[in-house]
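Participant: Dropping a structure here in structure tokens format, bear with me for questions.
The values are calculated or read from the model by the stated rules, or taken from the named source; none is laboratory data. The structure presented is a predicted model; accordingly, all values stated were derived computationally and were not measured. Note that each Cβ is placed from the backbone with ideal geometry, even for glycine, and that neighbours are counted across all protein chains shown.
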Amino acid sequence: MKKISITVMCTFALAACTTQPKTPSVESFVFNGNPIVRNNFTADPAPVVIGDSLYLFVGHDEYYEGQDSANGGKEFNITEWLCYSTADLKTWYDHGSVLRPSNFAWADTVSWGVGTAWASQVVPYNGKYYYFTTCQGQKPYSGYCVGVAVADSPSGPYVDAIGKPLICDTMTVNGPRGWWNDIDPTVLVDNGEVWLSWGNGTCFLAKLKPNLTELADSIRILKAPKYIEGPWLHKYNGKYYLSYASMSNGGEGIDYMMANSMTGEWIHKGEITGAAENSFTIHPGIVEFKGEWYLFYHNATLELNGKKGTIGRRSVCFDKMEYNEDGTIKFVTQTKEGLVAVKAGLATNCSIEKKSKKGKRLFALSIKTIEESLYIDSHR
């Protein structure tokens, strides 16, 4: 047998040695295309980068008997908020339930009859983690309210930060959605200033005090074309962005506005993506992670335990998002492959040096994911 020396040199796009979240006790799974999570229905994604990891907070959609014929908001039974994390967008860690409506003493967890853990966002600030979220209020609070919990770790445990709602129905004008217009909070920390936006039917904006638990100024109303709900604030290259669920073809899509400052003129720029497959609702979550931008959203394509996805049984997905030179956002096509389509976790730059005494052997090299080994097939 002839001896053959082969040297394979590969540069990986996502290094295999990247530090994973220090959570040895939690279960992990490998991303295999959209949706991200396959053992739970998940909705209303809220991604945030903490250290070298991306944390993803979601609402837990759960089936209940009679759900498919319910209406008036009871199609949704969102019982708790779940947390996942990843350091490479390939291997994900399941931190389980980190917050429930019952953690807020002012929340009504009984009379509504279904879970009311609606859309939320976690913000790291001054060494703490603030969980802005939505719950149905009980007397003396009416309608849905925005609350805030706090923790020393991104995966909790979280406790109510102020013992009462941050925003309740008496603080805002009743727009098209009335008693449930105070939902879906999003927060942006920018150069020491903290901004809160929220609303269903009406898009509200307010500045928070440095303690993140009080309003610093009056509440503004933003005129956002086709606005329905689910706002999301982010900043890119000195520009401010407000994305939101908008009326699209037969369901919600995602539109966005841009501004030069949080108090400046907000200009509608169009659609980021269209309606989600099999879901009337959609919810944007936009984040930069390790030099790339991503759009998180939900659809309703997952079938779990014999129950098909539908309006109240949704599944979180994500795809890469890119900007034009002028800062506008390129249209995002929703995919089933997700980052598999752009080879997340795969080698990108490889060179092969092969040597044999006669130099007559040929080699075929294929490189799979980081978790898999190189496969080399040699033949004459």
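Participant: Given the options G274, G327, G345, name the one that is at pLDDT 95 or above and more than 26 Å from V189 (Cβ to Cβ). So that I can check it myself, show each step before the final result.
Facilitator: Details: G327 fails: more than 26 Å from V189 (Cβ to Cβ); G345 fails: at pLDDT 95 or above.
Going through G274, G327, G345 in turn, just one is at pLDDT 95 or above and more than 26 Å from V189 (Cβ to Cβ): G274.
Participant: Which strands (runs of 3 or more DSSP E) does region 221-320 wholly contain that include 3 or more residues that are over 23 Å from L54 (Cβ atoms) and not basic (K, R)? I'd like the intermediate steps shown before the answer.
Facilitator: Details: elements: 227-236, 239-247, 252-259, 267-273, 285-289, 292-299.
Passing ranges, in order: 227-236, 252-259, 267-273.
Participant: Where residues in region 110-128 are out of contact with any Leu (no Cβ under 8 Å at 6 or more places or on another chain) and of a type in the set (A, V, I, L, M), which of them is surrounded by the most Cβ atoms within 10 Å (Cβ to Cβ)?
Facilitator: Restricting to residues being out of contact with any Leu (no Cβ under 8 Å at 6 or more places or on another chain) and of a type in the set (A, V, I, L, M), the top hit is A119.
Participant: Output the residues belonging to region 135-159 that are under 16 Å from C83 (Cα atoms) and either among the hydroxyl-bearing types (S, T, Y) or more than 18 Å from the chain's Cα centre (by Cα) (or both). Outline the logic, then answer.
Facilitator: We begin by selecting, within region 135-159, every residue under 16 Å from C83 (Cα atoms); these are 149-159.
A149, V150, A151, D152, S153, S155, P157, Y158, V159 - these are the residues of region 135-159 that are under 16 Å from C83 (Cα atoms) and either among the hydroxyl-bearing types (S, T, Y) or more than 18 Å from the chain's Cα centre (by Cα) (or both).
Participant: Still on this structure: Identify the residue in region 193-241 that is over 23 Å from F296 (Cβ atoms) and of a type in the set (V, I, T) and, among all such residues, is surrounded by the fewest Cβ atoms within 10 Å (Cβ to Cβ).
Facilitator: I221
Participant: Still on this structure, I have one more. Search region 24-80 for residues being small (G, A, S) and part of a strand (DSSP E or B), and hand back the single one that is nearest to the chain's Cα centre (by Cα).
Facilitator: Of the residues in region 24-80, the ones small (G, A, S) are 25, 28, 33, 43, 46, 51, 53, 59, 66, 69-70, 72-73.
Still in the running and part of a strand (DSSP E or B): 28, 43, 46, 53, 59.
Details: S28: 18, A43: 9, A46: 3, S53: 14, G59: 10 Å.
If we take residues in region 24-80 being small (G, A, S) and part of a strand (DSSP E or B), then A46 is nearest to the chain's Cα centre (by Cα).
Participant: To continue, here is another question. Do you know which residues across region 94-109 are touching a residue at least 12 places away in the same chain (Cβ under 8 Å), out of contact with any helix residue (DSSP H, G or I) (no Cβ under 6 Å at 6 or more places or on another chain) and more than 11 Å from S155 (Cα to Cα)?
Facilitator: Passing the criteria: R100, P101, N103, F104, A105, W106, D108.
Participant: Continuing with this model, one more query. Tally time: how many residues in region 220-245 are under 16 Å from the mean Cα position of the chain (by Cα), under 16 Å from A275 (Cα atoms) and among the aromatic types (F, W, Y)?
Facilitator: 1
Participant: Restricting to region 171-192, name every residue that is buried (at least 23 other Cβ atoms within 10 Å of the Cβ) and polar (S, T, N, Q).
Facilitator: N181, T186 - these are the residues of region 171-192 that are buried (at least 23 other Cβ atoms within 10 Å of the Cβ) and polar (S, T, N, Q).
Participant: So which of T133, T213 is within 20 Å of T116 (Cβ to Cβ) and either outside any loop (DSSP other than H, G, I, E, B) or of a type outside the set (F, W, Y) (or both)? Break it down stepwise before answering.
Facilitator: Numbers: T213 fails: within 20 Å of T116 (Cβ to Cβ).
Only one candidate qualifies: T133.
Participant: Just one of (1) more than 29 Å from A70 (Cα to Cα); (2) surrounded by 15 or more Cβ atoms within 10 Å (Cβ to Cβ); (3) among the charged types (D, E, K, R) trips up E277, so point out which.
Facilitator: (1)
Participant: Give the number of residues within region 163-182 that are assigned to a loop (DSSP other than H, G, I, E, B) and over 16 Å from R100 (Cα atoms). Explain how you work it out, then say what you get.
Facilitator: Of the residues in region 163-182, the ones assigned to a loop (DSSP other than H, G, I, E, B) are 163-166, 168, 172-177, 181-182.
Still in the running and over 16 Å from R100 (Cα atoms): 166, 168, 172-177, 181-182.
Final tally of qualifying residues: 10.
Yes/no matrix, rows are residues, columns are (1) under 15 Å from D184 (Cα atoms); (2) among the hydrophobic types (A, V, I, L, M, F, W, C):
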| site | (1), (2) |
| --- | --- |
| L196 | yes, yes |
| K239 | no, no |
| G253 | no, no |
| I267 | no, yes |
